[in-house]
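The values are calculated or read from the model by the stated rules, or taken from the named source; none is laboratory data. The structure displayed is predicted, hence computed values, not measured ones. Please note: Cβ atoms are built from the backbone with ideal geometry, for glycine as well, and neighbour counts cover all protein chains shown. For the accessible areas, the whole protein counts, side chains as well, though only heavy atoms, and no ligand, DNA or RNA atoms are used. Shrake-Rupley method; radii C 1.70, N 1.55, O 1.52, S 1.80 Å.
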Amino acid sequence: STISKDSLKTSLLQLECHFTWTLEKKYVSLEALEETILDHIKFLAEYEIRDYNLLSYVNYLKNSYEEALESLKKAEEAIKKRHPDEIDRRSLVTWGNYAWIYYHMQRYEEAQIYVSKVENSCKKLSSTAHGKIELPEIYAEQGWALLRFGRTYFERAMNCFENALRSEPNNSDFSAGYATAMYRLEGNAKRYGGEMRPCLEALKRAVELNPTDTTVVALLALELQRLNRANEGKSYIEEGLQKTPDFPVFLRHAANFYRKKGEVNKAVEILKKALALTPNSVVLHHQLGLCYRFKVLQLKKTRYPPREEKESLIELAIFHFKTAIDKKPVFFSAYNDLARTYAIDERYEEAEETYQKVLQRNDLACDEKQDVYFDYGNFQQFHMKSESKAIKYYIECLKLEIDSYPRKRSSEAVETLLKQKIQSGLADATDIGTLGLVHKLNGKKQEAIECYEEAIALDPNNVEYLNALTELRLSI
């Protein structure tokens, strides 16, 4: 019997699995994500079911359909081994992924078999569901997948874990996922601006439910450090180093803790150990780059920095940042870090080239653009000594509306530059008009009007200023 492709597609869209969770590949580097998942399977076997499910989706995104089926087989084996009494319930996501992959392979009969398996299981599990069923562990699996696909999805991930916890408030895995999503959202808000939602209580709760999960223990320590309670945090890190001395995810967080504490040598030592365990980890390379760059800046503060040591540290920082970017081309903040390192070493052409790579991309999020505009403005101001270019890029940052940390700093930097010029009596109409624009972009209408009036007095026929002034007066 030929299966109608359309009705099959309708059934497929009803399934709860990676193919219906809108995980877009533009936000990740598939190679780097695959490495992360494989490392996770190697060091945390207890999560292998959801890791193999996610791996099958990553294989599919890489157009490796046979490998995708292999990954799903491994997920099935793990389900039989870990949940022999609940195979139907635990297989819903795996079967959904099977159905989708067979569909994409144009093997419609097999796709239909898996759709039917899911539908029959859902009927058994709930009398009302039509292939849609709301199970807490499926919400959680979706939450963990969303976390892996980057910060665009953190908010949705948090909501998934909230849904899962409604059914099982004491589930340590759901609690860990919820706390992780909250922690990452707070980190985002700190870096780019946005709503601050404190995550300390969520992390404490997750640690209480499962003290052996050193990943969450480490996040709790990092959160205490963010709150200037680093001494409390340190005891958690030391405890974690005792419990899981060879677990790379924990080691990475521990290194981060020591780096932020200023104990960079200790951080480097821990990161090297983690890198030996997972040599392809993008995050570890990035963290090592940050450590070496920090050491360069420390050396530069000394009176007679040893040249060879400085040069070898710079080379190390550059090597690790470049490795991170090669493995994950969408790691935009790593480009900024690399460019800054070149600038410290007065290698301005290479710094410029690195900034241009990011400035020319059209897939940056708004806050990432702000980040790079501010950084590039800084580079122009302090390294290239070009105030006009610095002003131009600080203003590009201001034109993006999100109220973020880089935007605030761009605003301060550009106002300072323009006011210095005006106070020294060297300013022309353009400088005063530009300050008017800065005030306008910051919503300070009265100050903007005054600047534009002054600019027009110096340059009476400037259409741009006349229009801006009219618009401002009408809006008040």
Whole-Hz Karplus couplings 3J(HN,Hα) for the range 18-31, θ = phi - 60° and coefficients 6.51, -1.76, 1.60, Gly and Pro as x, run 4, 6, 10, 9, 6, 9, 8, 6, 5, 8, 9, 9, 4, 4
The correct pair for the range 40-105, radius of gyration to one decimal and Dmax as a whole number, both in Å and from Cα atoms, is 11.4, 34
Quick one: which of 25/369; 190/445; 73/117 span more than 25 angstrom between C-alpha atoms? 190/445
Take the alpha carbon gyration tensor of the range 428-475, find the square roots of its eigenvalues, order them as a ≥ b ≥ c, and report rounded if a/c is under 1.5; if not, report prolate when a/b exceeds b/c, else oblate. oblate
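Does the range 288-425 come out rounded, prolate or oblate by the C-alpha gyration tensor, with a ≥ b ≥ c the root eigenvalues, rounded set by a/c under 1.5 and, if not, prolate when a/b is larger than b/c and oblate if not? Could the numbers behind the result be given before it?
Working: a/c = 2.30, a/b = 1.29, b/c = 1.78.
It is oblate, given that a/c is not under 1.5 and a/b is not larger than b/c.
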Could you compute how much accessible surface residue 73 exposes when probed at 1.4 Å, giving the result in Å² to the nearest 10? 100
Sort the range 1-124 into rounded, prolate or oblate with this rule: let a ≥ b ≥ c be the square roots of the eigenvalues of the Cα gyration tensor; rounded if a/c is under 1.5, and if a/c is not under 1.5, prolate when a/b is larger than b/c, oblate otherwise. oblate
Checked against the structure, the computed semi-axes √(5λ) of the Cα gyration tensor in Å among (1) 37, 32, 20; (2) 47, 30, 21; (3) 40, 28, 19 is the one labelled (2)
Mind ranking 214-225, 265-276 by how tightly packed they are, going by the mean number of other C-beta atoms within 10 angstrom, highest first? 214-225, 265-276
The chain: relative contact order from alpha carbon pairs under 8 Å, six or more residues apart, as a whole percent, is 8
Any chance you could count the Lys pairs in the range 281-357 whose alpha carbons are under 19 Å apart, treating pairs 8 or more apart or on different chains as valid? 8
When the accessible area of the chain is split by element with a 1.4 Å probe, what percent falls to carbon and sulfur? 49
Taking Cα atoms, the helix 445-458 axis meets the longest principal axis of the chain at an angle in degrees (rounded to 10) of 40
Quick check on packing: order 428-435, 306-313 by the mean number of other C-beta atoms within 10 Å, highest mean leading. 428-435, 306-313
Mind checking the angle between helix 366-382 and the chain's longest principal axis? C-alpha axes, 0 to 90 degrees, to the nearest 10. 40
How do 469, 165 stack up against each other in accessible area, from largest to smallest, with a 1.4 angstrom probe? 165, 469
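May I ask you to derive the FRET efficiency for residue 457 and residue 333 from their Cβ-Cβ distance with R0 = 45 Å, giving the value to the nearest 0.05?
0.55
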With a 1.4 Å probe and all protein chains left in place, how much accessible area per residue does the chain have, in Å²? 49
I'd like to compare 329-335, 84-90: which one has the highest average count of other Cβ atoms within 10 Å, and what's the full order after that? 329-335, 84-90
Cross-link reach from residue 389 to aspartates and glutamates, straight Cα distance under 15 Å and at least 8 residues apart if same chain, gives 352, 375, 415, 431
Compute the acute angle (0 to 90°) between the alpha-carbon long axis of helix 214-226 and the principal axis of greatest extent of the alpha-carbon atoms of the chain; round to the nearest 10°. 20
